[in-house]
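Encoded as structure tokens, the structure appears first; notes follow it.
The values are calculated or read from the model by the stated rules, or taken from the named source; none is laboratory data. Computed from a predicted structure; not experimentally measured. Please note: Cβ atoms are built from the backbone with ideal geometry, for glycine as well, and neighbour counts cover all protein chains shown.
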């Protein structure tokens, strides 16, 4: 493995490339990346790397698309070109347009976990951490919120004065966590904080200590006085949590839950992609322009 890691490091220099890895990637990819974070953090980070000619995104397709939208002048590669996101795929452009027709004048707030095409027909994007603030600050009483209904539930609790028309989408990984997992975790580690992602089912959110995005979980783990944490999100984040907080203990909420699409990026696929400069993310100028507007509109509401 050491040999292929050295080869990739050499390719980064030769290709003037920056490697970005999502928090759910395998440890070897996280360790090799120039930056690790959630999808929007990484897309924004890419805009700060002015001198890089190439962005290699170790994640799933919608993330690489977001990086391309915000960095149209750079070549963006997706090593695991077959790494999709079932949640993002649950929102189809034609269905979003139909819902907009049925609710004239109602703005569409799209989670960043959507395709570039869906972002292009949305009014504003959001992340799991800023969704409540964005919905609260939009000057209307009703919004269409998509595609994750559990994140929508979380937002609705935070902003009860607004009416949310929720899309019936979900993350299959986060739906694997059960109330029984949570009860057993409390019994086994009574002094541990239970932190779950807002893509978890409502009953999980309601019984956890904190409901936070992955970036929020990282922040909480560093700042908390607790020494033990039970984490309800994809297991890849636990590796980073342990790495950044070696003096603390982290446990998965029940069995470790895995996003198989996130694990499709391997060192071998990363090396081949960089060598051949394959799997480039290509988006039309029109899609980029419209989707970028939705992403940039997010800034004015936070």
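Residues in region 228-248 that are touching a helix residue (DSSP H, G or I) at 6+ places or on another chain (Cβ under 8 Å) and surrounded by 15 or more Cβ atoms within 10 Å (Cβ to Cβ): 13 in all. Among the residues of this structure, residue 225 counts as one that is assigned to a loop (DSSP other than H, G, I, E, B) and either buried (at least 18 other Cβ atoms within 10 Å of the Cβ) or free of Cβ contacts under 8 Å to residues at least 12 places away in the same chain (or both). When residue 162 is tested against (1) free of Cβ contacts under 8 Å to residues at least 40 places away in the same chain; (2) within 24 Å of residue 219 (Cα to Cα); (3) in contact with a helix residue (DSSP H, G or I) (Cβ under 7 Å, 6 or more places away or on another chain), exactly one condition is not met: (2). Being within 19 Å of residue 84 (Cα to Cα) and either exposed (fewer than 14 other Cβ atoms within 10 Å of the Cβ) or under 21 Å from the mean Cα position of the chain (by Cα) (or both): is that true of residue 118 here? Answer is yes for this residue.
Restricting to region 45-79, name every residue that is part of a loop (DSSP other than H, G, I, E, B) and buried (at least 24 other Cβ atoms within 10 Å of the Cβ). I'd like the intermediate steps shown before the answer.
So the first thing to find is which residues in region 45-79 are part of a loop (DSSP other than H, G, I, E, B), and the list is 49-53, 59-60, 71-74, 78-79.
If the condition is that a residue be part of a loop (DSSP other than H, G, I, E, B) and buried (at least 24 other Cβ atoms within 10 Å of the Cβ), then 59, 60, 78, 79 are the ones that fit.
The residue of region 27-44 that is surrounded by the most Cβ atoms within 10 Å (Cβ to Cβ), among those that are farther than 17 Å from residue 129 by Cβ and in contact with a strand residue (DSSP E or B) (Cβ under 7 Å, 6 or more places away or on another chain), is 29. The set of residues in region 124-149 that are in a helix (DSSP H, G or I) and crowded, with 22+ Cβ neighbours inside 10 Å comprises 131, 134, 135.
Out of 120, 83, report the one residue that is touching a residue at least 40 places away in the same chain (Cβ under 8 Å) and within 21 Å of residue 142 (Cα to Cα). Can you show your working first?
Values: 83 fails: within 21 Å of residue 142 (Cα to Cα).
Exactly one residue qualifies, and that residue is 120.
Considering region 282-302, the residues that are modelled with pLDDT of 95 or more and outside any helix (DSSP H, G or I) include one that is surrounded by the most Cβ atoms within 10 Å (Cβ to Cβ), namely 283.
Residue check, residue 277 against (1) farther than 23 Å from residue 127 by Cα; (2) in the same structural domain as residue 204 (by TED's automatic domain parsing); (3) touching a strand residue (DSSP E or B) at 6+ places or on another chain (Cβ under 7 Å), all met but one. Which one? Residue 277 satisfies all of (1) farther than 23 Å from residue 127 by Cα; (2) in the same structural domain as residue 204 (by TED's automatic domain parsing); (3) touching a strand residue (DSSP E or B) at 6+ places or on another chain (Cβ under 7 Å) except (2). Filter region 159-216 down to the residues that are out of contact with any strand residue (DSSP E or B) (no Cβ under 9 Å at 6 or more places or on another chain), within 17 Å of residue 128 (Cα to Cα) and part of a helix (DSSP H, G or I) and list them by number. Hits for region 159-216 are 175, 202, 206.
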